[in-house]
Amino acid sequence: MDNETQQVVADLGHELRTIALLSPKLAYMLVVGQPLVYRSRSIRMQWDTQTTDETIMGRRFADKLFQMFWIWDISYTVRRPNANDGVFGKLEQDYYAARAPYVDVNMRMVGREQFQITDGWQPLEDIAGPTVTNNRRSCAWILTADSNMSIDGINRRQFNNDEIPYIVDIVFSGMELSGCELPGCGYDEAVCYLRDNGILPSRGFGCGV
């Protein structure tokens, strides 16, 4: 191995150790040797009445996660198929509706991994970016296998009659481990694996010490 290659390997090793300190589960995904495939998952909330503060509870992915899922970005779309039909400027009004959807969300992980994501209700546009802006919210957030996302939504204004149905799709895009032979791995398992392979500093010899 020449000096240039050695330096590249050293740099990658340093970067991986830095990632491991920030997100052990992300580092685990990058070193286990399983291929990563692009995945996009969505959760839909739909309001069919004009009533203000109507709450939709517990919307989830169609299926629980079967592999660890590395979220690259969270985006959303707002669709009002009947709004301003045939009116000049409809596209512009839809554009602004996507930026101010007047929808708050409450998000949590359920299943194998359970934790609250938002601290109560928060505006959707503070959690994700409108799809039309390509506003990526990059992060080192890993969703564990055998888990699911649960989202509650509430509309903070009365919809116009022609806005019904009011459809919001929240889209999670990223990379997922491919293959079914790798078991689900939580935080403790990831830390153990990284310590045993010299990527995270160990408090002793091997896992659990």
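Derivation of every value follows stated rules applied to the coordinates shown; laboratory data play no part. All figures in this text were calculated on a predicted structure; none of them were measured in a lab. Cβ coordinates were reconstructed from backbone atoms using ideal geometry, including for glycine residues, and neighbour counts include every protein chain displayed.
Going by neighbour counts of Cβ atoms within 10 Å, the residues Leu21, Leu65, Leu36 line up, fewest first, as Leu21, Leu36, Leu65.
Tally Lys and Arg at +1 and Asp and Glu at -1 over the other residues with C-beta under 15 Å from the C-beta of Gln93: what net charge comes out? Every neighbour counted, the sum reads 0.
Mind checking the full-extension length gain between Ser40 and Leu21? Use 0.36 nm per residue of separation minus the Cα-Cα distance, one decimal, nm. Before the final figure, lay out each step's value.
Numbers: separation 19, 0.36 × 19 = 6.84 nm, distance 2.66 nm.
Taking 0.36 nm per residue and subtracting the Cα distance, the gain is 4.2 nm.
For Trp72, Trp121, what ranking results if the residue with the fewest other Cβ atoms within 10 Å of its Cβ goes first?
Values: Trp72 18, Trp121 15.
Going from sparsest to densest Cβ surroundings: Trp121, Trp72.
Classify segment 77-176 from the C-alpha gyration tensor, please: rounded if a/c falls under 1.5, else prolate or oblate depending on whether a/b exceeds b/c. In terms of gyration-tensor shape, prolate. Footprinting exposure proxy ranking of Trp47, Trp141, fewest other C-beta atoms within 10 angstrom first, gives Trp141, Trp47. Placing R0 at 35 angstrom, the Cβ-Cβ distance between Val110 and Phe88 gives a FRET efficiency of 0.20 after rounding to 0.05. The charge dipole of segment 56-169, taken about its Cα centre with unit charges on the Cβ of Lys, Arg, Asp and Glu (plus for the first two, minus for the last two), comes to roughly 120 debye. Local charge for Asn84 was computed over the other residues whose Cβ lies under 15 Å away, with Lys and Arg +1 and Asp and Glu -1, and equals -2. Summing +1 for each Lys or Arg and -1 for each Asp or Glu among the other residues whose beta-carbon sits under 11 angstrom from that of Leu143 gives +2.
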